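A short write-up of the structure that comes next.
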Amino acid sequence: MTKDEIDKSLEYVKGTMAYEDMELPDDTLRIYKKYLEGEITESQIRDLLIKKNLSEVV
């Protein structure tokens, strides 16, 4: 993906979450951006997000 495509994808995700009145943490966006840039695989992003969300106190 090009930088413009990545930026558009991130803005789409942020816009969708805002429309649904939900917050998307910056660290989650950073993980997603690494995936879009090809730095991590789909399996790795899934593992990172599960680990991140399981460690949060609700």
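The values are calculated or read from the model by the stated rules, or taken from the named source; none is laboratory data. Just so we're clear, the structure is a prediction, and the values are computed from it rather than from any experiment. Because the Cβ atoms are built from the backbone with ideal geometry, glycine has one as well, and the counts that use them run over all protein chains shown. Calculation scope for accessible area: heavy atoms of the full protein, side chains included, ligands and nucleic acids excluded. Shrake-Rupley method; radii C 1.70, N 1.55, O 1.52, S 1.80 Å.
For region 36-58, what are the residues that are of a type outside the set (Ser, Thr, Tyr), modelled with pLDDT of 90 or more, open to solvent by less than 60 Å² (accessible area, probe 1.4 Å) and not in a loop (DSSP other than H, G, I, E, B)?
Leu36, Ile45
For residues that are aliphatic (A, V, I, L, M) and in a helix (DSSP H, G or I), scanning just region 4-35, find the one that is surrounded by the fewest Cβ atoms within 10 Å (Cβ to Cβ). Break it down stepwise before answering.
Let us first name the residues in region 4-35 that are aliphatic (A, V, I, L, M), namely 6, 10, 13, 17-18, 22, 24, 29, 31.
Among the residues that remain, those that are also in a helix (DSSP H, G or I) are: 6, 10, 13, 17-18, 29, 31.
Details: Ile6: 16, Leu10: 16, Val13: 16, Met17: 14, Ala18: 11, Leu29: 14, Ile31: 17.
This residue is Ala18.
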